[in-house]
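Just below is one structure, and these are the notes that go with it.
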Amino acid sequence: MEQHHHILSVLVENKAGVLSRVAGLFTRRGYNIFSLAVSPTEDDRYSRMTVVVDGDSSPIEQVTKQLNKLIPVIEIRELAAADAVERELLIATVKAGPEERSHLIDLVSIFDGQVIDVGVASVTVMVAGTPDGLDAVADLLAPYGISELQRTGRVALPRLIRGSRPLKAVKSSEQ
């Protein structure tokens with residue numbers, strides 16, 4: 001059964017404690033966060049959170065209603081998969097002796113990835129791509145033996161051709 005996710009792009013004030021307040025809201029309400037990425041925007045006053053919410057455990061209307069109540073939240077947009085550009089970063093340490101390395105390097109390069117560290121019996125690779133693409137990369141790396149794997153979580157912005165559904169207008173006093 002395929003999981004259903006909602007992608008929320010949340011513009012917040014870039015202040016200490018904002019992430020804690022947002023995470024606390026999800027915890028108190030029992031909403032499951034599938035992925036969370038936070039970083040400053042082009043304007044130092046704001047940060048953008050990309051929150052991927054499990055759609056089965058969290059009705060999107062309830063999530064956005066609760067987020068709208070938080071003072072530091074400036075704008076919320078739900079990004080439909082067809083209307084968003086989303087990417088993740090995967091870093092994995094894979095077992096590969098000298099005889100397997102060239103095959104592994106070729107495999108990673110197919111996905112525009114690169115080797116970022118080399119050890120005696122392992123290499124660490126980095127690949128950026130769509131969530132489905134990174135699932136495929138992880139599946140292809142598995143036969144080599146993955147020692148460690150880390151994914152950043154999704155970041156997303158609206159596609160330039162299509163729009164996204166704004167769930168809260170930007171506060172005019174905050175612009």
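The values are calculated or read from the model by the stated rules, or taken from the named source; none is laboratory data. Keep in mind that this is a model prediction, so the values were computed, not measured. All Cβ positions, glycine included, derive from the backbone under ideal geometry; neighbour counts span all protein chains shown.
Pick from the range 93-136 the residues that are in contact with a Lys or Arg (Cβ under 7 Å, 6 or more places away or on another chain), aliphatic (A, V, I, L, M) and not in a strand (DSSP E or B): which of them is nearest to Gly153 (Cα to Cα)? In this case the residue turns out to be Leu134.
Applying the set (1) under 23 Å from the mean Cα position of the chain (by Cα); (2) part of a strand (DSSP E or B); (3) modelled with pLDDT of 90 or more to Pro166 leaves exactly one unmet item: (3).
One line per residue, one yes/no per condition, for (1) assigned by TED's automatic domain parsing to the domain that holds Asp112; (2) assigned to a helix (DSSP H, G or I):
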site: Ser39; (1), (2): no, no
site: Thr50; (1), (2): no, no
site: Val53; (1), (2): no, no
site: Glu61; (1), (2): no, yes
site: Thr64; (1), (2): no, yes
site: Leu70; (1), (2): no, no
site: Ile74; (1), (2): no, no
site: Arg77; (1), (2): no, no
site: Ile91; (1), (2): yes, no
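Residues of the range 16-47 that are in contact (Cβ under 8 Å) with a residue 60 or more places away in the chain and either exposed (fewer than 12 other Cβ atoms within 10 Å of the Cβ) or within 11 Å of Leu70 (Cβ to Cβ) (or both): Ser39 alone.
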